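**Student:** Below: one structure in structure tokens.
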Amino acid sequence: MLRLENIVAGYGRTRILHGVSLTVPSGGLVALLGGNGTGKSTTLKACVGLVSVQEGKVELNGQVVNDVPPEKRSALGLSLVPQGKEVFAAMSVEENLLMGAYHRRSDRAGIAQDLEAVYVRFKRLRERRKVNAGMLSGGERQMLSIGRSLMARPSVLLLDEPSAALAPRIVEEIAEAILGLRDLGLTLLLVEQNVGMALDIADHIYVIRGGRIAYEREVGDGVAMEELQEFYLGGSEH
Ligand SMILES: Nc1ncnc2c1ncn2[C@@H]1O[C@H](COP(=O)(O)OP(=O)(O)OP(=O)(O)O)[C@@H](O)[C@H]1O
Ligand SMILES: [Mg+2]
């Protein structure tokens, strides 16, 4: 389980998050929606420890991790697939994947197993394993970026706009892959601007606006798209 309680955070003296609280139950798939610059990535960075949290609590499986450095949070099972589908362009697909397991590089058997699991999940990556990552399509880079995070054996995975700038057919593939990870038992927090995709796959949604949670709802019995859009797009936050 991942829980944020009243997180106040930002860059230097600038506060971006003004008391964000959200919960991702174990095995749940929660989406955080919001427009550009509303604090979605900052929220994920607060979870993994890449931004300084001035107030509030970050809790991972019942443990407060505010003072735990990012690499230790990763060892506790938390992993971020960052925005932008970034890969090491001059390295092969397989080398990129192996980078995800760098912290446990002596565990050769385990790494081989995890690599095989990623290739089973993303068949395209197996076909292209010797290719330089810089040659991949946007969809393949997104799969690689997710695959690399999986190599760290996370229990809680944070995904920052995995569908951005991808064709609808590829967005569907990514959505399927995310559902596959849920079936595997992973706890998932998905940041998205693609509201339709998020509503299709998430159990619960939050909408952030101006660094505050403006709306939250269980998905199911038809979350009214119009209702959501009012919070998502509607007016200024004050
Ligand atoms: N490293 C940084 N230093 C200073 N300000 C930053 C930094 N990163 C982000 N910001 C600012 O924080 C605010 C929130 O940014 P954030 O990246 O969290 O937004 P976002 O919701 O992820 O937006 P997008 O959908 O465009 O990715 C923005 O005003 C942004 O300019
Ligand atoms: Mg962002």
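The values are calculated or read from the model by the stated rules, or taken from the named source; none is laboratory data. Everything numeric in this text was worked out from a predicted model, so none of it was measured. For neighbour counting, all protein chains shown are included, and Cβ atoms are generated from backbone atoms with ideal geometry for every residue, glycine included. Protein only, heavy atoms only, side chains kept; ligands, DNA and RNA dropped before computing areas. Shrake-Rupley method; radii C 1.70, N 1.55, O 1.52, S 1.80 Å.
**Student:** So, with a 1.4 angstrom probe, what is the percent of accessible area on the chain that is carbon and sulfur?
**Tutor:** The nonpolar share, carbon plus sulfur, comes to 50 percent.
**Student:** Can you list the lysines whose alpha carbon is less than 25 Å from that of Lys72, not counting same-chain residues fewer than 8 positions off?
**Tutor:** Counting by Cα, and skipping residues close in sequence, Lys72 has these lysines nearby: Lys40, Lys45, Lys57, Lys85.
**Student:** What translational diffusion coefficient, in µm²/s and rounded to a whole number, does the Stokes-Einstein relation yield for the range 75-167 at 4 °C and a viscosity of 1.567 mPa s, taking the hydrodynamic radius as the Kirkwood radius over Cα pairs?
**Tutor:** Reported coefficient: 99 µm²/s.
**Student:** Then there's this: Among Leu158, Leu32, Leu186, whose mean-square fluctuation peaks in a Gaussian network model of the chain (Cα, cutoff 10 Å)?
**Tutor:** Result for the chain, Cα springs under 10 Å: Leu186 fluctuates most.
**Student:** What accessible area per residue comes out for the range 1-146, rounded to a whole number of Å², with a 1.4 Å probe?
**Tutor:** Each residue of the range 1-146 exposes 48 Å² on average to a 1.4 Å probe.
**Student:** For the chain, what proportion of DSSP beta bridges, expressed in % and rounded to the nearest 5, is antiparallel?
**Tutor:** Around 55 percent of the beta bridges assigned by DSSP in the chain are antiparallel ones.
**Student:** For the chain, what log10 I(q)/I(0) values come out of the Debye formula at q = 0.12, 0.14 1/Å, with one point per alpha carbon and no solvent?
**Tutor:** -0.66, -0.90
**Student:** For the chain, what does the helix formula give at 222 nm: sum of -39500 (n - 2.57) over DSSP H segments with n ≥ 4, over the residue count, nearest 500 deg cm²/dmol?
**Tutor:** Taken over the chain, the calculation gives -10500 deg cm²/dmol.
**Student:** Give the distance, in whole Å, between the Cα centre of the range 76-103 and the Cα centre of the range 6-32.
**Tutor:** 24 Å
**Student:** Taking 7 Å along the Cα-to-C-beta vector as the label spot, tell me the Ala112-Ser52 distance in nanometres, rounded to one decimal.
**Tutor:** 4.6 nm
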